[in-house]
Structure formats: structure tokens, C-alpha cells
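Okay, here's the structure, questions in a sec.
What follows is calculated from the coordinates using simple rules that are stated; it is not laboratory data. All of these numbers come straight from a predicted model, not from anything done at the bench. Backbone-built Cβ (ideal geometry, glycine too); neighbour counts: all protein chains shown.
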Amino acid sequence: MAKAFHVGGEGGWDYITVDDEHHKLYVTRSTHTMILDELTGKTIADIPGQQRNHGVALAPALGRGFITDGKDGSVTIFDLATNRVLGTVKAAEDADAIVFDAATGKVFISCGDAAAVVAIAADVDPVKGKADATVALGGKPEALLADGKGKIFVNLEDKNEVVVVDSKAMKVVARYPTSPGGAPVGLAMDAARRRLFIGCRNPQKLIVMNADDGNVLADLPIGAGVDAARFDDGYFFASCRDGTLAVAKETSPGKFEIVQTVHTQPGARTMDVNHRTHTLYLPTAEMTDAKDPRGRPIPKANSFMVQVVERTLN
């Protein structure tokens, strides 16, 4: 079932990040990052000072959070306890998705216009520090994830492939075509079974892939405008701008199916999941009939919300 936290406030939105241990939601709002109580939706704190933010990564053991800013290609570092900004470190043009890699103790940032992934040590000096290394990808990266064992998987939206980066050697070690899916954006992983789930926009597919050799195991139909994919407790999800959330699973050995389509608010294209409660959170807003330069509906003022999808499937 779905309900919503009506948050309001100014700014657009992109990725949302769940801190399931402390019951917090981190939501980027263009020029500021809101921290919400996961249980009530109330605002706990608001971190200002960004120009065009995208994603948040957390390194709890270090007590640090990281926010990407695409406009100036930087990463804002903040204290998880106080929410105080500690400093900023340059990444590269169009800093977008970000993930913490436990295998190296670094955050990895996909930088679209730079066609690269950038690594920054999570314990970097937030005032004088610099990025550790940059890996050229040969295409425009979107979502990325770390498998915790030394591999970073990155979608290349314009090349229709997933690139595998060795996070210790900092080099590309494999390229996996996403065909019959194209324009891959959303990315999730079942780490135990070594499967990738890739949300593609053109054609509209959810691709199931072997993470070790790139073999495509299944392609499933999904809605228009997918942006995020997540895996949780045997189910994988694709959230789409058209107001659909595809829910899929392996129904028998080697057979994958869409088992439910949840109707969400149009515009709910990104999401994250609390793996303890199996609850999904999707930021969106009420839409007007007007369109922006990209042809997307313009949100109504002060209508921002976070939809909450609670698990009913067994």
C-alpha cells in the first residue's frame, strides 16, 4: 500500500537515500538537502549551499555523509551527527550518482559530462583534500553501485552497456551490453546471487544480468521514464516517471516475472528501500499541465512529497 509524507518546500529532487539504522531519509532538493524522519516525514535538518545536487552517500563508521553537486562538479562532505558541512572536494563535471565502497573506504561518483567515475577517500581532508583517482569510461555514466568485493558497476546511458570498474586498481575490467534494453539508468544488485537489475528507458525494459559475465538472464516490460532500480529480500523494483512501480522476482529457477505493478504519483521516478522494514520511499510532487524545456510536467509549488510503499507481498 502507498501513503505520502507531504513535505513541501522549494526545489526539485533527484535521488533519495535511506538510513535504516537511524530512521532518516536524505532527499536532494536542487540547492539544499533535506533530512526527514523516516517514520513521520517531519524535517529533521536541512543542509544548504548546493547548486544542483543529485545524490547522497553515507559512511556511518566515519560519521560522514557526501552530497554530489552537478553544477560545480563537487562533493559536499557533512557530519552525520550534527549535519554541519565540513567542506567540499572537487570531483568532475556533472557529478551525479554516488556510492560508498566498503572494500576501499572510498566514495565513487558518476560524472556524466566528464564521462568518468571519480573516487574520493571517505576520510579525505574536507577542506584541503582532493580526489584520489579518475577512471575514463568512454560514455555517459548514470547510476552506479558497489558490490563490496572490489567491483563498481556503472550504467553508460549513451552506450547501452554496464561498465565494471576494479575499485582497487581503478581501471575498467569489463563491459556488458544491456541489449535488448537501451538507455540504461536504474541499477540494483542481488549481491548474494550476483545478479544485476538494470532499468532501461529505450526500449522500456528491466534487464536481469549475471554480474560476473554479463549474460542477460531476462528482460521484462516496465513503464516509461524509469530512473531507479532496487533489490530487497528476493524482489526487485523499477520506479518510473509515468507513475508505475514494477515489482519483479524469480518465480521459479531461471524464470523472472513482473508480479505486481504499483500505481504511484506521476513523477515518482527515484526511490530507496529500508531493508529492515522492506519499505520503499519515492520522492515526487503534484504536477501542473505546463512543461519544462525537456517536455516534463512542471511541479506545483510547495507540493513536494515522499510516497511510502509498504510491503504486502510475501
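Based on the alpha carbons, how large is the Rg to Rh ratio for the stretch 193-295 when Rh follows Kirkwood? Spell out each step's value before the answer.
Values: Rg = 14.3 Å, Rh = 14.3 Å.
A ratio of 1.00.
Rounded to the nearest 20 Debye, what is the dipole magnitude of the stretch 24-139 about its Cα centre when Lys and Arg each give +1 and Asp and Glu each give -1 at the C-beta?
On the way: 11 positive and 14 negative charges, 43 e Å.
Using only the charged Cβ atoms, the result is roughly 200 debye.
Using the crude model of +1 on Lys and Arg Cβ and -1 on Asp and Glu Cβ, and no other charge, please compute the dipole size for the chain relative to its Cα centre, in debye to 20. List each step's numbers first, then the result.
Values: 35 positive and 40 negative charges, 40 e Å.
Charge dipole of the chain: 200 debye, to the nearest 20.
Quick one: order Tyr281, Tyr26 by neighbouring beta-carbon count within 10 Å, fewest to most. Walk me through the intermediate numbers first.
On the way: Tyr281 23, Tyr26 26.
Listed from fewest to most nearby Cβ atoms, that is Tyr281, Tyr26.
Longer than 25 Å from Cα to Cα, which of Lys3/Lys249; Lys3/Lys255; Lys71/Lys130; Lys42/Lys300; Lys3/Lys205; Lys24/Lys255 are they? Say none if no pair is. Provide the component values of the computation, followed by the final result.
Values: Lys3/Lys249 23 Å; Lys3/Lys255 31 Å; Lys71/Lys130 18 Å; Lys42/Lys300 20 Å; Lys3/Lys205 27 Å; Lys24/Lys255 35 Å.
Among Lys3/Lys249; Lys3/Lys255; Lys71/Lys130; Lys42/Lys300; Lys3/Lys205; Lys24/Lys255, the Cα-Cα distance tops 25 Å for Lys3/Lys255; Lys3/Lys205; Lys24/Lys255.
So for Ser167, Ser30, Ser179, Ser239, fewest C-beta neighbours within 10 Å to most, what's the order? If you can, show how the numbers build up before the last one.
Numbers: Ser167 24, Ser30 18, Ser179 14, Ser239 31.
With the fewest neighbours first, Ser167, Ser30, Ser179, Ser239 line up as Ser179, Ser30, Ser167, Ser239.
Please express the shape of the chain as an equivalent ellipsoid: the semi-axes are the square roots of 5 times the eigenvalues of the C-alpha gyration tensor, given largest first in whole angstrom. Can you show the working numbers first?
Working: eigenvalues 136, 122, 67 Å².
Equivalent ellipsoid semi-axes, largest first: 26, 25, 18 Å.
Show the residues, 5+ positions off or on another chain, whose built amide H is closer than 5 Å to the amide H of Ala131.
When sequence neighbours closer than 5 places are left aside, the close amide H contacts are Lys90.
State the extension gain, in nm to one decimal, for the chain segment bounded by Ala192 and Lys42, taking 0.36 nm per residue of separation less the distance between their alpha-carbons. Walk me through the intermediate numbers first.
Working: separation 150, 0.36 × 150 = 54.00 nm, distance 3.47 nm.
Roughly 50.5 nm would be gained on extension.
Could you give me D for the stretch 77-171, from Stokes-Einstein at 25 °C and 0.890 mPa s, where the hydrodynamic radius is the Kirkwood radius over C-alpha pairs? Units µm² s⁻¹, please. Let's see the in-between values first.
Values: Rh = 13.4 Å.
Result for D is 183 µm²/s.
If you take the beta carbon distance between Arg175 and Thr31 as r and set R0 to 30 Å, what does 1/(1 + (r/R0)^6) give as a FRET efficiency, to the nearest 0.05? If you can, show how the numbers build up before the last one.
Details: r = 36 Å, r/R0 = 1.19.
E(calc), rounded to 0.05, equals 0.25.
On to the next question. GluC sites (Glu not before Pro) within the stretch 220-310: which are DSSP loop residues with at most 12 other Cβ atoms inside 10 Å? Working shown, then result.
On the way: sites: Glu250, Glu257, Glu286, Glu310; in loops: Glu286, Glu310.
Of the GluC sites (Glu not before Pro), the ones in loops of the stretch 220-310 whose Cβ has at most 12 other Cβ atoms within 10 Å are Glu310.
Would you work out which of Leu58, Ser239, Ala45 lies farthest towards the positive end of the dipole of the chain? Charges go on Cβ: Lys and Arg +1, Asp and Glu -1.
The residue sitting farthest along the positive end of the dipole is Ser239.
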